[in-house]
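J.: I am attaching a structure below and will ask some questions about it afterwards.
The values are calculated or read from the model by the stated rules, or taken from the named source; none is laboratory data. None of the values given here were measured: they were computed from a predicted structure. Counting neighbours? That spans all protein chains shown, and the Cβs are built from the backbone with ideal geometry, glycine included.
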Amino acid sequence: MKSQKQVSDTPRAADRHLWQIQPIRDFAWIFLVLLFIWLGYEMRAITVPLLVAVLLAYLFAPVVSLLERRLRFPRSLSAATILAVGGVTVLLVGVLTVPLAVSQTMSFLDAVRKGKYDGAIDHVIDYAPDSIQPQIEQFVDRAQQWIGVSAGAVAAGSEPPAPSAEGSTPPASRAPAGADARAEATPRGGTAPKQADTLDEARIRALVDRQIEERLSADASGGSAGTGGKLDWFGVLGSGARRVVTFALGVLQLGILVFLIPFYFFYFTIIWPKITSFGSGMILKDHREHTLRLVAEMDKAVSGFVRGRIVIAVILAVMYSVGWTIVGVPYAIPLGIIIGTFSLIPYLGGVGLPLSIGLMAADQFSLPAEQQMAWWGIILWPGLVYMICQFADDYCLTPLIAGKATNLDPVSIVVAILAGGTLAGLYGMLIAIPVAACIKILIQEVFMPRIRDWIDGRVDDPLPIDE
């Protein structure tokens, strides 16, 4: 029962400020958090380097503490050492792997443009159920347009489309596959690359001339609404100019990130103890001990999972690349790097098995019949490499490096990944497991004890709030 003094000190409803009303104050805090997230998204060009630097400072905090404790390094020297070693490592790995990966990727794109895998694609479409054949064809057409197959259709052997009466060019269809495509592309008794190049050049000139005429006619009639009467040189020059400008802007943005992230990382590493001290000081004194214990458990789960998966993904990328190269999977290095990166998310690396078998099968089907590998070898050898890597991950790498950091069962991990992917795509899948681990800790340590007390009749309200 409240004393007379407490009753007299309680303000009347008419004398209260808005921030003294608990529901309004809670709503205001939620609104401020959402506003902060929205502003961060809108200013992502600024916030992304900051967040990446904070994440790196968080991940390397144990290394900095180890250097301080064992080698007596000051934090500034520890941060500089990590940057130097990391930079040299990235440079060496880039020099050793990037040229091979880029070379194999360009070779793959060139082979697709030349129709090397058209026969295998047609076999897949023919054997697919009739209900999904249109979707597969649409996906193949989009993929080929994205990598520029339609631009090289003449070189692949298809006739250039004749312009219609209105002067427009009908869309190019996919060239015939397999031996028929090669027979149409190369006349008997000779080759036709020079003729294809000439036709391609003539087609490009015709397209450019028509584009210039359309722009000039639009300019003469007062200009289009979007250009304000000025000639749109991007439209005249076509997609090539757009790609050049986009590439230049991408390189500039990458250069800025390469400078800003190490700069921010160095600063945040130095002041990291102040950041953690400030955060702990903002917790209410009555709840500080319990809250810090929960934060420590969450930190153990998140940091153990993130650090462990990064190391495991790097090791798996090397194992996949080397193993698939040995058994003869084409373009094994870029494929291994991609699947190793996918391994950051548990079970997502499983896409490597059908991709490796598919690439092996497509490469073998493009060879003469007497040079093709047996069908069981196409399935066995890539699958054997994948199983060895998965066995190493499940029984060696994960127990030794990551352990049971998140303490989540396989079903919870799969559900968390699917939920994260549904809500936020790839980014949601990346953070789904750490978030799920933190939610599990909160449920076990905060909500479930209160719910048990409510079920047993020890409290009147199941919500864990002070009375």
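J.: Name the pairs: first residue in the range 114-130 and assigned to a loop (DSSP other than H, G, I, E, B), second residue hydrophobic (A, V, I, L, M, F, W, C) and surrounded by fewer than 16 Cβ atoms within 10 Å (Cβ to Cβ), Cβ to Cβ under 6 Å, at least 6 apart or on different chains?
T.: What qualifies is ALA128/ILE136.
J.: While we're here: Give the residues of the range 253-280 that are at pLDDT below 80 and more than 21 Å from VAL85 (Cα to Cα), sorted by residue number.
T.: Within the range 253-280, just GLN253 meets the criteria.
J.: Could you list, ordered by first residue, the pairs with Cβ atoms under 6 Å in which the first is in the range 434-446 and under 27 Å from ILE310 (Cα atoms) and the second is assigned to a helix (DSSP H, G or I), at least 6 apart or interchain?
T.: Partner pairs satisfying both residue conditions: PRO434/VAL302; PRO434/PHE305; ALA436/ALA416; ALA437/ALA301; CYS438/MET298; ILE441/GLU297; ILE441/MET298.
J.: What tally of residues in the range 311-333 results from selecting those that are assigned to a helix (DSSP H, G or I), hydroxyl-bearing (Ser, Thr, Tyr) and at pLDDT below 90? It would help to see each step written out before you state the result.
T.: Filtering the range 311-333 down to residues assigned to a helix (DSSP H, G or I) leaves 311-327, 332-333.
Now drop any that are not hydroxyl-bearing (Ser, Thr, Tyr), which leaves 320-321, 325.
Okay, now just the ones that are also at pLDDT below 90, so none.
Residues in the range 311-333 being assigned to a helix (DSSP H, G or I), hydroxyl-bearing (Ser, Thr, Tyr) and at pLDDT below 90: 0 in total.
J.: Quick one: would you say THR97 is out of contact with any Ser or Thr (no Cβ under 9 Å at 6 or more places or on another chain), of a type in the set (Val, Ile, Thr) and part of a helix (DSSP H, G or I)?
T.: Values: out of contact with any Ser or Thr (no Cβ under 9 Å at 6 or more places or on another chain): no; of a type in the set (Val, Ile, Thr): yes; part of a helix (DSSP H, G or I): yes.
For THR97, the condition - out of contact with any Ser or Thr (no Cβ under 9 Å at 6 or more places or on another chain), of a type in the set (Val, Ile, Thr) and part of a helix (DSSP H, G or I) - is not met.
Rundown of residues vs (1) out of contact with any Asp or Glu (no Cβ under 8 Å at 6 or more places or on another chain); (2) modelled with pLDDT of 90 or more, yes/no style:
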residue	(1), (2)
VAL52	yes, no
VAL64	yes, yes
LEU71	yes, no
PRO74	no, yes
